[in-house]
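Worksheet: one structure, shown below.
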Amino acid sequence: MEDINVNGTLIWYYYICKREVWLMSRSITGDQDNKYMDIGRFIHESSYSRDKKEISIGNIKIDILKKNKGNVLIGEVKKSSKYEESAKMQLAYYLYKLKEYGVEGQGVLMFPKERKRVEIVLDEDMINKIKYVEKEILKLIYDEYPLLPKKTRYCRNCAYSEFCWS
Ligand code: SF4
């Protein structure tokens with residue numbers, strides 16, 4: 001098996017479903033016609049177009065990166081705050097990776113449908129949490145098999161639901 005790196009997407013899914021982390025890490029694609037994926041893509045592509053830029057640094061992709069009163073501000077656009085914990089940790093992970101490159105920044109989560117913004121600051125607690133989650137993700141994805149499916153409120157809208165439950 002090729003080396004697998006932790007990335008923002010895996011951090012996000014870690015807080016949704018650990019089985020999904022394994023499936024994604026093996027490039028097993030879910031149902032691309034899943035309507036919730038379409039809505040997500042649409043919102044991602046059409047919101048905040050004035051500021052919108054996608055920038056790749058190492059293995060991370062950042063939605064928006066600009067200077068705000070002398071600080072670097074990175075943003076992540078999400079379709080709903082239903083997954084706020086995932087989104088918060090994903091953005092904190094990006095801030096952590098930027099810090100490794102010597103760039104200090106702040107983050108803002110944007111939920112355009114709800115006209116909501118949440119600011120994210122990378123503090124020591126957050127850094128420790130990220131280091132722990134990185135190790136947990138690596139343990140999960142280097143397992144030979146994924147965890148068994150477990151019915152949760154996320155399954156209904158998940159692109160892997162047919163794969164897990166048919
Ligand atoms: S359908 Fe449920 S168990 Fe299967 S990957 Fe999706 S969220 Fe996880």
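The values are calculated or read from the model by the stated rules, or taken from the named source; none is laboratory data. Predicted model only: the values in this text are computed from it and were never measured. Neighbour counts run over all protein chains shown; Cβ positions are idealised from the backbone, glycine included.
Structure notes:
- Qualifying residue in segment 149-161 (condition: in contact (Cβ under 8 Å) with a residue 60 or more places away in the chain, under 19 Å from the mean Cα position of the chain (by Cα) and more than 22 Å from Met89 (Cα to Cα)): yes
- Breaking point among (1) more than 21 Å from Ser25 (Cα to Cα); (2) in contact (Cβ under 8 Å) with a residue 24 or more places away in the chain, for Ala92: (1)
- The criterion of at least 2 residues that are surrounded by 12 or more Cβ atoms within 10 Å (Cβ to Cβ), aliphatic (A, V, I, L, M) and at pLDDT below 90 is met by the following strands (runs of 3 or more DSSP E) wholly inside segment 37-143: 60-62, 64-68, 71-77.
- Scanning segment 8-22 for residues that are within 12 Å of the ligand (Cβ to nearest atom), among the aromatic types (Phe, Trp, Tyr) and in a helix (DSSP H, G or I) yields Tyr13, Tyr14, Trp22.
- Tabulated pairs, segment 120-141, first within 21 Å of Ile4 (Cα to Cα), second modelled with pLDDT of 95 or more and surrounded by fewer than 15 Cβ atoms within 10 Å (Cβ to Cβ), C-beta under 9 angstrom, 6+ apart or interchain: Leu140/Leu147
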